[in-house]
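The values are calculated or read from the model by the stated rules, or taken from the named source; none is laboratory data. Note that the coordinates shown come from a computational prediction; the quantities given were computed from them, not determined experimentally. Quick reminder, even Gly has a Cβ in these numbers, built from the backbone with ideal geometry, and neighbours come from all protein chains shown.
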Amino acid sequence: MMLKPVYRVPHPLAGNKVQLTVFDRAAIDTYVPIAFAYPAPAPSNEALKEGLLRAIAPYPHLLGRFAVDGHGRRFLHLNNEGVLVIEVDVPADLADVLATGGGMTPVVAGFYPTVPEESVGAALLQVKLSRYRCGGLLLGVISHHHIADGTAASSFYCAWAAAVREGKDFDVPSPFIDRAATAVPRSTPKLVFDHRSIEFKRSSSQAHAVLPMEKIKNITVHFPAEFIAELKSRVGARCSTFQCLLAHVWKKVTAARGLSPDEFTRVRVAINCRGRASPPVPMDFFGNMVLWAFPRLQVRDLLGLSYGAVVGGIHEAVARIDGEYIQSYVDFGGVADANGEELAATATVGTMLCPDIEVDSWLGFTAHQLDFGTGPPSAFLPWLPVEGMMVFVPSRTAKGSVDLFMALAEDHVAAFNEIRYSLD
């Protein structure tokens, strides 16, 4: 069914045709699937749908549709066409399904709505409510990445959970949704950095292979708080949980891939630019505002350097994504628009990033923020469609622990699992 909120007065942006920003176009052009498992007693479908209608009213972009203008460029039409919700009953117990659903198996693929082959005209947010005979629920969601980055999408899911948990009296906060305000080029553009080769087109020497989806395995690694504390002690200086874990996983993935010592490997580190822009953009901005830092090392150096040295390299690369870099990128987008140039993200579904990796962090969110009123989810099930892509998430099983979700080529999984906890 298609759900549409009924506005007492039209939304201020109702009917607008919104151009995608240069941040939107840098995001991978696909739907992002994610699922949350809720054991019985789980919230009812009716409560979830009523809460969804209340929560989504301040988010008109999720209710719109992609369309194409006369120049063949995609834009977002805020036409309130609604959200697709699918309801199914599953003759199985949730615990049994989760026990056999590790990795991107056909079972896990069924947790989400089917990703549309063509996004133009399709619902940009789609929900699947799978109710199991035990009373458990799998809440599967796909949303298009050109509408929101991970920070924005997570904020919406938290608002939805609060709307269900708190009931009809809950006042859903309105996010900052002025997309145009996040990408205002200078009157005289100043392109300080080579964004065409950094964020968009690659040279032939940088091109990555494409791997059949069945050869890409999604795996999960749990890092206990004690392991993280030991990692930080080896760094020998103050560092974040994200940076020390990234240094460790970068080392281990590189070793598992068996790369040549002379080869170079880099990490594409997602950076939330909201607070780094000048002037800053409100942290509740709903849309895309991510750029990437690219720490890069030769394989022999990465494997031979101390944890402290690798963390230092990551920190330096991240620090370079500052207000000047962000404004240069916005200016680049303005020049491309003025020239009628189409910009497309470099990564596509099935891309093999090896010898590189890409990482995002959702460590700022907790499972308790996704409590719909019957408790937080018992499992979090993302799907990563690009080999070498990974995300760090707070573990719901133990305070201070972290779960890593990662996509690896199947030929490298066994070797990685053998050394993933090694600190040698």
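Could you tell me which of the residues Ser204, Ser154 is hydroxyl-bearing (Ser, Thr, Tyr), surrounded by 15 or more Cβ atoms within 10 Å (Cβ to Cβ) and either over 23 Å from Trp292 (Cα atoms) or at pLDDT below 95 (or both)? Before you say what the answer is, go through the steps one by one.
Working: Ser204 fails: surrounded by 15 or more Cβ atoms within 10 Å (Cβ to Cβ).
When all the criteria are applied, what remains is Ser154.
Mind checking which residues of segment 81-101 are modelled with pLDDT of 95 or more and either closer than 16 Å to Asn16 by Cβ or surrounded by 15 or more Cβ atoms within 10 Å (Cβ to Cβ) (or both)?
Glu81, Gly82, Val83, Leu84, Val85
Within segment 1-24, track down each residue that is within 30 Å of Ala336 (Cβ to Cβ) and hydrophobic (A, V, I, L, M, F, W, C).
Listed by number, the residues that qualify are Leu13, Ala14, Val18, Leu20, Val22, Phe23.
So, in segment 207-230, exactly how many residues are part of a loop (DSSP other than H, G, I, E, B) and surrounded by 13 or more Cβ atoms within 10 Å (Cβ to Cβ)? Reasoning before the result, please.
Of all residues in segment 207-230, those part of a loop (DSSP other than H, G, I, E, B) come to 207-208, 211-212, 224.
Add one more test, that the residue is surrounded by 13 or more Cβ atoms within 10 Å (Cβ to Cβ), and what stays is 208, 211, 224.
Residues in segment 207-230 being part of a loop (DSSP other than H, G, I, E, B) and surrounded by 13 or more Cβ atoms within 10 Å (Cβ to Cβ): 3 in total.
Conditions (1) of a type in the set (Ser, Thr, Tyr); (2) within 26 Å of Val90 (Cβ to Cβ); (3) in contact with a His (Cβ under 9 Å, 6 or more places away or on another chain), marked per residue:
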| site | (1), (2), (3) |
| --- | --- |
| Ala122 | no, yes, yes |
| Lys128 | no, yes, no |
| Leu138 | no, yes, no |
| Val141 | no, yes, no |
| Gly150 | no, no, no |
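With the checklist (1) at pLDDT 95 or above; (2) exposed (fewer than 15 other Cβ atoms within 10 Å of the Cβ) in hand, flag the one item Thr254 doesn't pass.
Only one criterion in (1) at pLDDT 95 or above; (2) exposed (fewer than 15 other Cβ atoms within 10 Å of the Cβ) is unmet by Thr254, namely (2).
Restricting the search to segment 254-280, which residues are in contact with a Phe, Trp or Tyr (Cβ under 7 Å, 6 or more places away or on another chain) and of a type in the set (A, V, I, L, M, F, W, C)? Please lay out each step first, then the result.
Within segment 254-280, the first condition is being in contact with a Phe, Trp or Tyr (Cβ under 7 Å, 6 or more places away or on another chain), and the residues that meet it are 256, 266-271, 274.
Ala256, Val267, Val269, Ala270, Ile271, listed by residue number.
Name every residue in segment 143-181 that is in contact with a Pro (Cβ under 7 Å, 6 or more places away or on another chain) and more than 28 Å from Gly275 (Cβ to Cβ), in order of residue number.
Answer for segment 143-181, where residues must be in contact with a Pro (Cβ under 7 Å, 6 or more places away or on another chain) and more than 28 Å from Gly275 (Cβ to Cβ): just Val164.
Which of (1) over 26 Å from Arg74 (Cα atoms); (2) among the charged types (D, E, K, R); (3) in the same structural domain as Pro43 (by TED's automatic domain parsing) is the odd one out, the single condition Lys217 does not satisfy?
All conditions are met except number (3).
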